[in-house]
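Single-structure report; data block below.
We did not get these values from a lab; they are worked out from the coordinates using the rules stated. Source: prediction; values computed, not measured. Virtual Cβ from ideal backbone geometry, glycine too; neighbours counted across all protein chains shown.
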Amino acid sequence: MKRFWQSLFVMNKSTLIVVVSVFLMAFGNRAFFANIVDVYPLNPGNAAFLISLAVVFGAALVLIFSLVCYRYTTKPVLITILMLSSFAAYFMDSYNTVIDTDMLRNVAQTNVSEASDLMSGTLAIYVILLGILPSLFVYRVRITTGTVRRDILSTIKLASISLGIGVLTVVVFGNFYASFIREHKILRYYANPSFYLVSTVKFAGSFIESSSLPFKMIAEDAHAAPSDGSRELMIMVVGETARADRFSLNGYERETNPELAKEDVISFSDFWSCGTSTATSVPCMFSVYGTSNYDEQKAAATENVLDILARTGVNVLWLDNNSDSKGTATRITYRNFKTPENNPECDGEECRDTGMLTNLQQYIDAHPKGDILIVLHQMGNHGPAYYKRYPKAFEKFTPVCQTNQLEECSKESINNAYDNAILYTDFFLSKVIDLLKRNTGGFQTGMFYVSDHGESLGEFDVYLHGLPMFIAPDAQRHVPAVMWFSDNFSGVNEGALRAAKDQTMNHDWIFHTLLGLFDVRTEAYQPGLDILNIPGAEIARTPAQ
């Protein structure tokens, strides 16, 4: 018996690759096969295809590993993939999300606080069972080796056999695979680890490409219109993970905006994000490229609207209670409010959005000349720990999900926690308006609130956000957008804005609206994408003379 157990830990490289491939295919791909079965239900007609799919998937993993494992790299490569795949399996199984380049960008830009919200006992179990234990097995295995020539021939043989099995299987079930490849592209996004490995290569390539791009100035003709003697103070609030359909201003049956309802605000009910993650949406909303032409590499190497405004004399300040500005505020004044050292309103590890307002009057008073634009980047509804996003006094809707493991909570408790966080955002925005009202003696004041993206709360068993745009549900893209202006803000026809509040708009409009708000003249400005000059409505903003 002892000899038998010892023999299990002695094998050649090819056998070890096959064992690891079969293990990952069988135990690390619950989300993949669950989504497959949703499209191809378990019945006699589909049984042979489903078995063939497991064979093709396993053969593909063997082929990939055979190409990247060579002698002394075999164990490090397999152990790394096992560990990474255990994390990928947890997030795909728990939230039905996918690990694409945007998700990898989010991971790379996530701070410790955000990462801690994703830690859980279930994640630990996944890592132990799918990562650590099989990695220990790989580590303990003694790989038998021959000559270099023999090892190369063995690799060629393994790759050829796996490729042949995969191709032959696809040919035999050609009709099924034609449909699978043509009509169900999204299904392969759940393949673990093959899809995230491809995404990693793309992400690394994009990072290298962006670092080599020269920085590009835009709107070099930009200049401020002749002053009429009045100054503007605008606060733009960049929301986090808020859904338009959870704002009672937009018809939600729960009263989630009691404070804003008391103000003379305009809520644009049909507003859409240019991405499904903070890493994409935040830089995109300030970029000249717009949703259809947006590219992370180009945007990172190009000026944004905040740069243009600062260049034309506007005092621009970015306050951040989120992870960071995702590169948007690199060239303007930036202050981080994620720590108690900077934010006076912190409950333990959670720093409140209202803390960004504490000393804001001092900044305004310290700038006696020029217009002012202040961007407040919220923590908002950042998930999955929605219950942390608001003080206890705002726990109006109960019971609430008190864990970051959303799969353990009822839909009702998840929705309650999420809506309570919306309620706190409503309170925060009302405090922003209060601050602006106190400054109407010296400024024309206004607030512009837009969320970066939405959130899935279990619809179709999908949670959080970050799905690719072409398959993302409306819940991840339909965002709230709210404006408020003081009575002395000249050139704004609020009646026309209200008449057009249900018109379809998106993040592309922000770039041009900000230019219009501060009367910046440039050929880059498109009046048709200025919210205050909405086509089809009355002229919402009178032209500057």
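Tabulated results
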{"read-out": "Average projected area [Cα convex hull, the range 2-210], square nanometres", "value": "14.6 nm²"}
{"read-out": "Rg/Rg_ref, the range 229-342, where Rg_ref = 2.2 N^0.38 Å and atoms are Cα", "value": "1.22"}
{"read-out": "Thr15-Thr122 pseudo-label distance in nm [points 7 Å out on the Cα-to-Cβ vector]", "value": "3.8 nm"}
{"read-out": "The range 232-533 - Rg and Dmax from Cα coordinates, angstrom", "value": "18.1, 54"}
{"read-out": "Helical segments meeting 30 Å axial Cα length and Kyte-Doolittle 0.5 threshold in the chain (DSSP H)", "value": "44-68, 74-95, 148-172"}
{"read-out": "Relative exposure of Cys346, Cys274, Cys401, judged by other C-beta atoms within 10 Å (fewest first)", "value": "Cys346, Cys401, Cys274"}
{"read-out": "Contact order relative to length of the chain, as percent, for alpha carbon pairs under 8 angstrom and 6 or more apart", "value": "20 percent"}
{"read-out": "Kirkwood Rh, angstrom, the chain [1 / mean 1/r, Cα pairs]", "value": "25.8 Å"}
{"read-out": "Distance (nanometres) between label positions extended 7 Å along Cα→Cβ at Met217 and Ala204", "value": "3.7 nm"}
{"read-out": "Kirkwood-type radius of the range 118-245, with distances r between different C-alpha atoms, in Å", "value": "22.8 Å"}
{"read-out": "Simple spin-label estimate for Ser490 and Asp502 in nanometres, 7 Å along Cα-Cβ", "value": "3.5 nm"}
{"read-out": "Helix-derived mean residue ellipticity, 222 nm - over the chain, DSSP H n ≥ 4, -39500 (n - 2.57), to 500", "value": "-13500 deg cm²/dmol"}
{"read-out": "Descending semi-axes in whole angstrom, ellipsoid equivalent of the range 404-545, from the Cα gyration tensor", "value": "34, 20, 12"}
{"read-out": "For the range 35-151, diffusion coefficient by Stokes-Einstein and Kirkwood Rh (Cα), 4 °C, 1.567 mPa s, µm²/s", "value": "75 µm²/s"}
{"read-out": "Where Rh is the Kirkwood radius over Cα pairs, Rg/Rh for the range 297-376", "value": "1.01"}
{"read-out": "Cα-based convex hull volume of the range 453-502 per residue, rounded to whole Å³", "value": "116 Å³"}
{"read-out": "Hydrodynamic radius (Kirkwood) for the range 184-260, which is based on Cα pairs only, to one decimal in Å", "value": "19.2 Å"}
{"read-out": "Potential extension, Arg335-Arg150 segment - 0.36 nm per residue separation minus Cα distance", "value": "60.6 nm"}
{"read-out": "Sorted by Cβ density within 10 Å, fewest first, the residues Phe247, Phe9", "value": "Phe9, Phe247"}
{"read-out": "Estimated FRET transfer efficiency (Ala54, Val112; beta-carbon r; R0 41 Å; 0.05)", "value": "0.60"}
{"read-out": "Förster radius 41 Å - calculated FRET efficiency between Val39 and Thr80, Cβ distance, rounded to 0.05", "value": "0.85"}
{"read-out": "Residue order, fewest to most beta carbons within 10 Å, for Lys75, Lys326", "value": "Lys75, Lys326"}
